[in-house]
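Q: First, the structure itself, so that you have it in front of you.
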């Protein structure tokens, strides 16, 4: 069994250092600078091909792995088919447990809701500035 880390930032102006430090115990780390909105991120795809039965994929935060609920659940289902668990550090979530699976689904939905609210507020601000 190997622990495989995944770290991601959206732009080169952001720093991967904090995530890499938090994942330093991992046997292998895949890191990249790509928007989380992109589903075809090269290092994520490489990680998903790399993992084997019994491995654990670990991320510092849920939004580092996926930005929308549908994509997150696709990743989790792929990992489940390969008998690979997912751990998210900041919320102590482990999909190797039934509770972890439930919490992941709920948190992904809440995260998507928060992003939608943020977009609405941003759009309102833009419209107000234009007026």
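Q: On a full-extension model of 0.36 nm per residue, what is the gain between residue 91 and residue 25, subtracting their alpha-carbon distance, rounded to one decimal in nm?
A: 22.0 nm
Q: Also, I was wondering about something else. Residues in segment 54-74 near a label at residue 126, defined as backbone nitrogen under 13 Å from the 7 Å Cα→Cβ point?
A: Inside the label zone: nothing.
Q: With everything on Cα atoms, drop me the angle between helix 98-130 and the longest principal axis of the chain, reported from 0 to 90° to the nearest 10.
A: 20
Q: Separate question: Antiparallel versus total DSSP beta bridges in the chain: what percent is that, nearest 5? Mind dumping the intermediate values first?
A: Numbers: 2 of 16 bridges.
Given both bridge residues lie in the chain, the antiparallel proportion sits at roughly 10 percent.
Q: In which sequence would 9, 3 go, from the one with the fewest C-beta neighbours within 10 Å to the one with the most? Walk me through the numbers before you get to the answer.
A: Values: 9 19, 3 16.
The most exposed by this proxy come first: 3, 9.
Q: For 126, 91, what ranking results if the residue with the fewest other Cβ atoms within 10 Å of its Cβ goes first?
A: Values: 126 10, 91 13.
Ascending number of Cβ neighbours within 10 Å: 126, 91.
Q: Moving on to the next point. Compute the length gained on full extension between residue 114 and residue 39: take 0.36 nm times their separation in residues and subtract their Cα-Cα distance, giving the result in nm to one decimal.
A: Details: separation 75, 0.36 × 75 = 27.00 nm, distance 1.97 nm.
That works out to 25.0 nm of additional length.
Q: Next question. Roughly what angle does helix 69-81 make with the longest principal axis of the chain, taking Cα atoms, 0 to 90 degrees, to the nearest 10?
A: Roughly 10 degrees between the two axes.
Q: If you don't mind, there's one more thing I want to ask. Using bins 10 angstrom wide from zero, how does P(r) for segment 1-108 break down, in % of all Cα pairs?
A: Using 10 Å bins, I get a P(r) of 15, 53, 30, 2 for segment 1-108.
Q: Given contacts defined as C-alpha pairs under 8 Å and at least six residues apart, what's the relative contact order of the chain, whole-number percent? Show your work: numbers first, answer last.
A: Numbers: 184 pairs, mean separation 28.7, N = 131.
Taking the mean separation of contacting Cα pairs over the length of the chain, I get 22 percent.
Q: Going by C-beta contacts inside 10 Å, put 99, 105, 69 in order with the fewest on the left. List each step's numbers first, then the result.
A: Numbers: 99 10, 105 15, 69 18.
Least crowded to most crowded, the residues run 99, 105, 69.
Q: OK, next. Give the share of C-alpha pairs in each 5 angstrom bin for segment 18-74, from 0 to the last occupied bin, in whole percents, shortest bins first.
A: 4, 16, 29, 29, 17, 4
Quick note: the coordinates plus some simple rules give every number you see, no bench work behind them. Only a predicted model underlies this, so the values are computations on that prediction, with no experimental measurement involved. Cβ atoms come from the backbone with ideal geometry, glycine included; neighbour counts cover every protein chain shown.
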